[in-house]
Each structure stands twice: as structure tokens, then as C-alpha cells.
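The values are calculated or read from the model by the stated rules, or taken from the named source; none is laboratory data. Not measured: the values here are computed from a predicted model. For neighbour counting, all protein chains shown are included, and Cβ atoms are generated from backbone atoms with ideal geometry for every residue, glycine included.
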Amino acid sequence: MNKENPSQRTDRELGMDRNIPRRDFLNGAAMTIGAALLPGTLSPEGKKIDEPQNQPGYNPPISSGLRGSHPGSFEIAHSLRDGTFWKDAAAPPQLTEKYDLIIVGGGISGLAAAHFYRERASKSAKILILENHDDFGGHAKRNEFQLGGKLQLLNGGTMLIDSPTAYSAEATGLMQKLGIDPVALNKKCSDPGLYRSLGLGTGAFFDQETFGADRLVAGLAAGEEENSGDIATSSKIEDFLTRAPLSGTVRRDILRIEQSQIDYLPGLTSAEKKDRLSRMSYKDFLSNVAKVDPSVISFYQTRTNGEWGVGIDAEPALDCWAIGLPGFQGLQLEPGAAPHMSYSAAGYANGGSTRFHFPDGNASIARLLVRLLIPPAVPGNSVEDIVTAPVHYEKLDADTSPVRIRLNSTVVRVRNVERANAAHEVEVTYASGKQVFSLRAGACVLACWAMTIPYLCPDLPEKQKEALHYLVKVPLVYTSVGLRNWTSFQKLGVSNIHAPGAYWNSVNLNWPVNIGDYRSPRSPEEPILLHMSRTPCKPGLPAREQHKAGRMELLVTPFELFERKIRDQLSRTLAAGGFDAARDIEAITVNRWPHGYGYEYNPLFDPEWPAGQAPHIVGRKRFGRIAVANSDSGATAYTDVAIDQAYRAVDELLSLNS
Ligand SMILES: Cc1cc2nc3c(=O)[nH]c(=O)nc-3n(C[C@H](O)[C@H](O)[C@H](O)COP(=O)(O)OP(=O)(O)OC[C@H]3O[C@@H](n4cnc5c(N)ncnc54)[C@H](O)[C@@H]3O)c2cc1C
């Protein structure tokens, strides 16, 4: 190892040659992209044959390597976007299956739409959910590992029940139906004091490239950390800063904005201040209003990345106040967003929703929904046993079940079909592997991503397609890393690490949660999962341009590069605690979400649309017997909104019959 420059470890020292599970065993088995698309093969009864999900051992959550939007899930959609799909695809055969409702997208919104339709139309309604990934849940995915012979879980995407506003009556009703009482579960199952009881807290990793030296500094008391119970106090901040590789001026300015009660906008009312703060970035607030040294910005630059996918250059200062960033203590702001802001994290200033993290995040909600819709597929009967329940994937698409979920199936066309002297229908065409099929149903809910809809429904009015294109999703990467033990964390006194300038913005030991038969590790000698997160934004560009550039970056980043960056950063951060990447890393799953969070309007870049003209309202308009759900159609990125939008879409379809 080059001790002068620890970032220059060789691949061998990093363990790039180690034989850990890296490959997604389902790639290729499920998808045969690149070959010409053929009309689907049907059985003599006109049914689709051969589905990957029916193969023995099919269990996507245990796949490692590149997950999230995994290879095989997006190529067909991209070829549709690029106008090459129909050149290759032959005329699809019509399957004989008939449905009351077809749902495009098996995320929480699509699953919730199936539930609401059954509840409100008929329990025996025939429903098919088509999903392009190899698993259901959408962003609410689960990473499953066996470490040291024990099951360990992490969320691959949607992390927890948590929203800036309280869940609506519909979303709360669905939670109750699923047996989820977040307050009771949190009290019974979460163990937020575990790491603190072992002397661990939040730290910051200052990287050489940004701060001139690689240094992990424990004791960063940046607000209340989710799973450390760490609380900021003045003396802690001062102590932390004296150990950080920062100049005296930078330390003094950080201390000032963290501690002082200065009113940086004197003479204005709370409402006037909030209006101003909603129209300037936090970076501008720090630079131009609080007038900090320019190097202070690097320390805070990525504090907003996890919440919005962009740094403080592109986030309104008001939102940063709402999530507890410093500098606002003396402004005496009253709770709540500025009136012109739409659904905003500023809602957190009013308390937000109840919160609970299942060990696999909101994948447990998706699994509970599937149990409700197709009971034999997910055996068990309680909210606690869902965490360790097996999923019988071969039962998801059974002929005998009124609700069916067909995975690895990318919908490529949805159109209204008018039939003389008969009820109108929709025709849905999808590609699975290299085969293409069509189906008919009474109606369709598009619970997929807004920006894909114009390609599925080219007949939509131009204005609606334009609105749907506007809703650019936010790219993110959530990575789960299996470690042999976490003694290095214990030696260094950290459980959560902010890394303001590094490739991975945050590194966290898994949330301690004990639920049903599932037990989180308690001893540093035990194996554990790490959650590492990256937001591939491009500071300086407008937010939506940052999202597009980040998505391109993800598309061309191979697993090998993610792996090297994981090993390199963990080595540089933890080596002083005895961490050895080659020895200690046992598994890696990179959940790549190029189309991540739903777009939330940002007053720094988006206009104030006249009532009813915002893109998500225009984009979600029902089109004949086709309705639009997904959290995108609520212009935000939360599970409660995904559910609310499902309810609205179903409501719009049911109103056709009344
Ligand atoms: C990394 C990450 C972390 C998050 N954390 C949280 C959190 O902690 N709390 C929270 O409330 N929210 C969180 N969210 C937001 C999350 O998006 C929502 O909570 C919710 O899961 C969205 O559900 P959905 O069904 O609307 O969309 P999705 O989950 O995106 O589901 C839509 C599905 O439609 C599929 N689809 C798209 N096109 C097609 C097609 N042509 N054919 C077939 N299927 C198609 C997609 O592949 C996808 O599976 C997070 C999101 C991400 C990406």
C-alpha cells in the first residue's frame, strides 16, 4: 500500500479479485435483449408459456451485483423511446386471457390500485399487473443476504414509512388493512439506542481530493441521526471542528452558523423571510446572506443529496431549514412551507407523518400487499412474520387466481379500443424476453413512471405528453455491503458517516430492528450490512438537468467501478480501525435507480403554474379507459402519495361506470 497516498491502493489490496457474489443470476435467464423480437409463443389454448418467475429457485431479492433497474429491465423501454422497438417487433399474438383491469407497474402504487379496485368494484375482479423488473415492489425492493449463516436484510430502495405530511385517510386505511401501525411497531421493534450504547455516533469522512487530507472525524453532531440517536450540542460541534482538516476561518464560520442566534434577515416578517428563503438556494443563503467563507460550502454541499438528489446549490434554503440545516435559529420562522410551494419537505417543520423502518424498508409493504392480493404467494398472517416469509413466485401468475402479477414484462403499448355494440376495452401489448404479446381488458391503470407514458400511449394529446416528459425522476444509488464484522466502526466510534466530498455521500451501519423472527446484529464481532448511498448529480446545473446528467452517468457505470469505489472509500475511511476491504467485504449489491424519486417542483427552477396547469395534473388526466397513478402523478416521492394516486386513478375509472 502507498502510505503517502492511501487512495492509491492496488486492486489486489482492495480485494477486487476476491470471490464474492457479484453477478445477478437472473440476467440472461430472464431476458434475452439484443435478439430480434418475435411474436410470443402460445400454448394450444392461446396462453403464454414459459415464464422465468415459474422456474425453481427464482428469488430475486437474493441476487447480488447490479440491482435496482437491473440489466434486462430497461432495454426494451429504451428501444421504445429510441424508436427502434417496432422495427424489430413482429405483430403480437392476442392472448386469450381477459381482465377487468390491467395495471402497468408493480410498485406500491400499482399494487395499491389492484387492492382499491377489488375493494370498490368487485372482490372477484380479474386483474393483471405487468412489471418490467424481475421482482414486484417498484422502488420498494428488498436485498437479502445470508451472512455468517444468518438472514440479514436491507432496503434496496424505498427506505421507510415517512412523509412530510400525515398519511391521508386512504393511505392510513390501507396501512391499517395491512396491519401496519407505525407507532406501535416503532416502539416494539426499533432499537435506535443500540449504537449509542456501544459508544458509536455520527462522523464525517473528509476526503483528500476535496479537503486536502483523508480523515475520519467522529462526533459530528449534525442534528438527530436516524439510527444513532446522536444529538447536536454546542460543545460537541466545537470539539468536532477542532479535529477536522479545515482552516481556522472555515471552523469559525461553521461554528457561527451552527450555534449563533443571528437573524440574517432582520426587519422581515416570518412569512416574508420564508418567501425569500424559498427563492434562494441554501448555498446562496450561506454565501451571500450568512456570508461564510467559500470553503464552508464544501462541508455542507451534499447534506441535501439524500433527500432531493441534488446538493445545496440547487435546493431552496427554506427546505434546508425544514430538514434542520443550520443558520436559521435566529430567524424565528413559523412552521410550514411558503404558500407558493407545492408538496414540500418544509412540511417536516410541522412534524411529518408517523415513521417506521422495516428491515427491508417499504418492501415489506409491497409484500403485505401481494399477500392481500394473492394469499398463497406469501404465506403467513401478521405484519411481523412478513419480514421472513418466503415468496412463492410461481404462484404470482396462476390461472386460478383473480389477481396475477407477471414479472419481466415491459408494456410497450396501451390503447383504447372501441368496439361496435359492446363495452369499450383497452388493448395492452407487452414484451417479455424477446417475445411480444397483446391482451384485452376493461380498463388500464398506468402505475408506471410518468415519462414512459408518452411512449406507451402515443395517441395522448401533445400537451399531456409534454407535461409527462417534464416529470424527470431523480437518480440515486443505494448500495448494500455485507461485512464480516464491524469492529473497525466500534474502534473509530462511528455508526453513520457523512462524506461530503466523496463518491458515496453516506455510509451507515444497518438500522437495528428486531421484528418477528428477524434479529439485527448486536455485537461488533457479528457480520452486518452497510448502507451506502450516492446521488450522481452535477452541481451548478438546474435541478432537472442534474437529474438527466446523473441518469446518463448511471447508465454507463459498470458494477466494477461501483465496487472499486466502495472498497477504496471504505479503506480510506476505516483503515485506522483495522478495516481491510479485501478481507472484510463479503457481498455487494448495488441498487441503481436512474429513475428514482418522483420529481418535486423546485421554486428555484420551476415556474408558479396557474391552478390545474402543473405538469403532474395535466399529465395524469384520464384518457378514455386509461387512468394514471404512480407517485409521479402526485409530483412527489413518497409512499403515501403512491397510494393516494392509486386511489384517485381507480376512482376515475369507476366513475366511468356510474
Ligand atoms: C432509492 C429510493 C428511496 C426511497 N425512499 C423512500 C422512503 O424512505 N419513503 C418513501 O415514502 N418513499 C421513498 N421513495 C419514493 C418511492 O418512489 C415511493 O415511496 C414509492 O415506492 C413509489 O411507488 P410507485 O408505485 O409510485 O412507483 P415505483 O415504485 O417506481 O413503481 C413503478 C413500477 O412501474 C414499472 N414500470 C415502468 N414502466 C413500465 C412498463 N413500461 N411496463 C411495466 N412496468 C413498468 C417500474 O419499473 C416500477 O417497478 C424512495 C425512492 C427511491 C428510488
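For every residue, the table says whether it meets (1) surrounded by fewer than 18 Cβ atoms within 10 Å (Cβ to Cβ); (2) closer than 24 Å to residue 61 by Cα; (3) of a type in the set (Lys, Arg).
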| site | (1), (2), (3) |
| --- | --- |
| 535 | no, yes, no |
| 540 | yes, no, no |
| 543 | no, no, no |
| 552 | yes, no, no |
| 561 | yes, yes, no |
| 566 | no, yes, no |
| 574 | no, no, no |
| 586 | no, yes, no |
| 602 | no, no, no |
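For the range 49-85, the candidate set comprises residues that are within 22 Å of residue 593 (Cβ to Cβ) and among the β-branched types (Val, Ile, Thr); within that set, the residue that is farthest from the chain's Cα centre (by Cα) is 76.
Of the strands (runs of 3 or more DSSP E) entirely within the range 86-198, those holding at least 3 residues that are more than 14 Å from the ligand (Cβ to nearest atom) and closer than 30 Å to residue 530 by Cα occupy 142-147, 150-155.
With respect to the conditions (1) in a loop (DSSP other than H, G, I, E, B); (2) within 23 Å of the chain's Cα centre (by Cα), residue 610 falls short on a single one, namely (2). Scanning the range 444-497 for residues that are among the small types (Gly, Ala, Ser) and in contact with a strand residue (DSSP E or B) (Cβ under 7 Å, 6 or more places away or on another chain) yields a total of 5. Beta carbons closer than 7 Å, at least 6 apart along the sequence or on distinct chains, pair a first residue in the range 122-139 that is of a type in the set (Lys, Arg) with a second that is in a loop (DSSP other than H, G, I, E, B) and more than 7 Å from the ligand (Cβ to nearest atom) for 126/402.
Kindly evaluate residue 83 against the criterion of being under 30 Å from residue 468 (Cα atoms), without any contact (Cβ under 8 Å) to a residue 60 or more places away in the chain, assigned to a loop (DSSP other than H, G, I, E, B) and within 16 Å of the ligand (Cβ to nearest atom). Reasoning before the result, please.
Numbers: under 30 Å from residue 468 (Cα atoms): yes; without any contact (Cβ under 8 Å) to a residue 60 or more places away in the chain: yes; assigned to a loop (DSSP other than H, G, I, E, B): yes; within 16 Å of the ligand (Cβ to nearest atom): yes.
Yes; evaluated as a whole, the condition is true for this residue.
Pairs linking a residue in the range 517-533 that is closer than 25 Å to residue 563 by Cβ and away from the ligand (no atom under 16 Å from the Cβ) to a residue that is at pLDDT below 95 and assigned to a loop (DSSP other than H, G, I, E, B), with Cβ atoms under 6 Å and 6 or more positions apart or on different chains, are 527/148.
Go through the range 616-633 and count every residue that is buried (at least 24 other Cβ atoms within 10 Å of the Cβ) and either outside any loop (DSSP other than H, G, I, E, B) or not basic (Lys, Arg) (or both). Talk me through it step by step, then tell me what you get.
Step one: list which residues in the range 616-633 are buried (at least 24 other Cβ atoms within 10 Å of the Cβ), which gives 616, 619-620, 626-633.
Of the ones still in play, those that are also either outside any loop (DSSP other than H, G, I, E, B) or not basic (Lys, Arg) (or both) are 616, 619, 626-633.
Going through the range 616-633 one residue at a time, the tally reaches 10.
Report yes if some residue within the range 394-414 is touching a helix residue (DSSP H, G or I) at 6+ places or on another chain (Cβ under 7 Å), under 20 Å from residue 447 (Cβ atoms), hydroxyl-bearing (Ser, Thr, Tyr) and assigned to a strand (DSSP E or B); otherwise report no. The answer is yes, given that some residue of the range 394-414 is touching a helix residue (DSSP H, G or I) at 6+ places or on another chain (Cβ under 7 Å), under 20 Å from residue 447 (Cβ atoms), hydroxyl-bearing (Ser, Thr, Tyr) and assigned to a strand (DSSP E or B).
Given the criterion within 15 Å of the ligand (Cβ to nearest atom), of a type in the set (S, T, N, Q) and surrounded by fewer than 22 Cβ atoms within 10 Å (Cβ to Cβ), identify the matching residue among 401, 438.
On the way: 401 fails: within 15 Å of the ligand (Cβ to nearest atom).
Only one candidate qualifies: 438.
Here residue 601 fits the description: more than 12 Å from the ligand (Cβ to nearest atom), under 26 Å from the mean Cα position of the chain (by Cα) and closer than 27 Å to residue 161 by Cβ.
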